[in-house]
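Worksheet: one structure, shown below.
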């Protein structure tokens, strides 16, 4: 296996832009499809062990945020990276266009409600970052309002971090060509027709403006306590491997432990 | 494989009691441990396919309620039966002793908040049935109040059923001896110490009263639209197999389909 480049290569610093990272970049050189699948299975099983420890420890929390253009593979990432974990401690929250009730609150309200609790790992399938994408691209909010939202987002994530949440944010980075192939596939494959939404074409027509909006948010909200990683995502297996590796490495670094036993347990007899 | 007895054998009718079903009953005769594990893997993978269809269809909902005495295997059931499904469409809600805020509402409030949405399969790890167990055993509510709660529960489940939710309720039925072995195991195995709670001994001391409270609730709330199944649970693999088979059969019976394609899809070209 080719030595894995440092995750720092994918971590967004102040002056990075999406154009610095090629969407079709291959990070893992494992041989072929078969070897890639086998390695992902190893990582998925390891993630299950790590997540069990997180759950048993019952103290800390992990939040994985997934963002990306339509068809970038948010669902697929969840399906594969979490193919071996248990729903006991892994939760997914999907954010769609806000409901009337959600709109009646500030934009972080619905997100705060589904943050991970102690011992939990939560995945956000889209997130509060949608509120600095569509409204920016469509011109519903000014640049000053967008900057204000970035600040609220950073403060919110600092709160989560300070209270025991490890935050990892991944932007699934695909090329416009790859999106065309995937949308076409949804049209061609009857078992994928249900995934096709005409609205996706509206966002596709504004591809460059979305990329700019992503650049702005990535730069403004990649912090020490909640870093952004841009994941080359044209190749699905490479994408899964990189996110699984990033997540597992992060969890291993947390040095999770079974809670210490109560020394009085020795004196208990079950009647 | 021995022909599987009808699930009706485990379904609670008006005059059943827990004593009618032996906790150590073997339902599946597959050979040994290896064959049982292999068959469970087949069922877990099939459940993933069925759940994907439920998610794609995006119309109906499935709720699996798990109840049982401490150590009866609610967590283990979730871990094994859902070992191959994706957190994309499978959610687990665990109910603990109600918080002050939860107590400020009616006892169904916190449950209603986490019912499955369209296309989702939700598992309740404990449930609203806790509110007709501890309070009954401890004498916090009268028999008339318990009967009133049964009625509210039936009405609530009828609402869910009428609005597209298939409800399956499983009581994991273990013997008092088996509970002793499992509690002892939590004391003896350092990796299980964290699961031991002294409060479990308090409920164990009232074993018979709890069994009576279960008999009462099973009889009062096993309805056509939300049936109770009593699952022999002294043997973990047999328990998992029976619940997986029950769930898969139920989902197969729903005749889930990919949504029909929009006929206009043919006319779309991706720019």
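Could you tell me whether residue A:101 is farther than 23 Å from residue A:244 by Cα and either in a helix (DSSP H, G or I) or touching a strand residue (DSSP E or B) at 6+ places or on another chain (Cβ under 7 Å) (or both)?
yes
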The one condition residue A:68 fails out of (1) more than 20 Å from residue A:41 (Cβ to Cβ); (2) within 13 Å of chain B (Cβ to nearest Cβ) is (2)
When every residue in the range A:246-265 that is part of a helix (DSSP H, G or I) and within 13 Å of residue B:198 (Cβ to Cβ) is compared, the one farthest from the chain's Cα centre (by Cα) is A:264
Do we have residue A:157 as over 26 Å from residue A:204 (Cα atoms) and either within 16 Å of the chain's Cα centre (by Cα) or in contact (Cβ under 8 Å) with a residue 12 or more places away in the chain (or both) here?
yes
Residue set B:217, B:172, B:247; condition within 14 Å of another protein chain (Cβ to nearest Cβ), closer than 28 Å to residue B:131 by Cβ and crowded, with 21+ Cβ neighbours inside 10 Å; output residue B:247
Those residues of the range A:175-197 which are surrounded by 14 or more Cβ atoms within 10 Å (Cβ to Cβ) and within 18 Å of residue A:126 (Cα to Cα) amount to A:179, A:195, A:196
Restricting the range A:71-96 to residues that are touching a residue at least 60 places away in the same chain (Cβ under 8 Å) and within 11 Å of another protein chain (Cβ to nearest Cβ), the one surrounded by the fewest Cβ atoms within 10 Å (Cβ to Cβ) turns out to be A:76
| query | For residue A:220, are the conditions met, namely being assigned to a loop (DSSP other than H, G, I, E, B), closer than 30 Å to residue A:118 by Cα and touching a residue at least 12 places away in the same chain (Cβ under 8 Å)? | reply | no
Next on the checklist: Looking for something surrounded by 15 or more Cβ atoms within 10 Å (Cβ to Cβ) and either within 14 Å of chain B (Cβ to nearest Cβ) or over 23 Å from residue A:220 (Cβ atoms) (or both) - is there at least one such residue anywhere in the range A:7-17?
Outcome noted: no
Note on the range B:120-174: residues under 21 Å from residue B:13 (Cβ atoms) and part of a strand (DSSP E or B) are B:166, B:167, B:168, B:169, B:170, B:171, B:172, B:173
Any residue in the range A:150-169 that is within 22 Å of residue A:24 (Cα to Cα) and touching a helix residue (DSSP H, G or I) at 6+ places or on another chain (Cβ under 9 Å)? yes
Taking the range A:106-144 and keeping only residues that are crowded, with 16+ Cβ neighbours inside 10 Å, in contact (Cβ under 8 Å) with a residue 24 or more places away in the chain and within 14 Å of chain B (Cβ to nearest Cβ), one is left with A:116, A:119, A:120, A:121, A:122, A:123, A:124, A:125, A:126
Apart from one, (1) within 14 Å of chain A (Cβ to nearest Cβ); (2) surrounded by fewer than 19 Cβ atoms within 10 Å (Cβ to Cβ); (3) at pLDDT 95 or above all hold for residue B:101; the odd one out is (3)
Taking the range B:44-66 and keeping residues closer than 15 Å to residue B:242 by Cβ and crowded, with 19+ Cβ neighbours inside 10 Å leaves B:47, B:64, B:66
Take residue A:191 and tell me if it is within 16 Å of residue A:63 (Cα to Cα) and outside any loop (DSSP other than H, G, I, E, B). no
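The values are calculated or read from the model by the stated rules, or taken from the named source; none is laboratory data. Fair warning: this is a prediction, and the values are worked out from it, not measured in the lab. Positions of Cβ are generated from backbone atoms using ideal geometry, with glycine treated the same way; all protein chains shown enter the neighbour counts.
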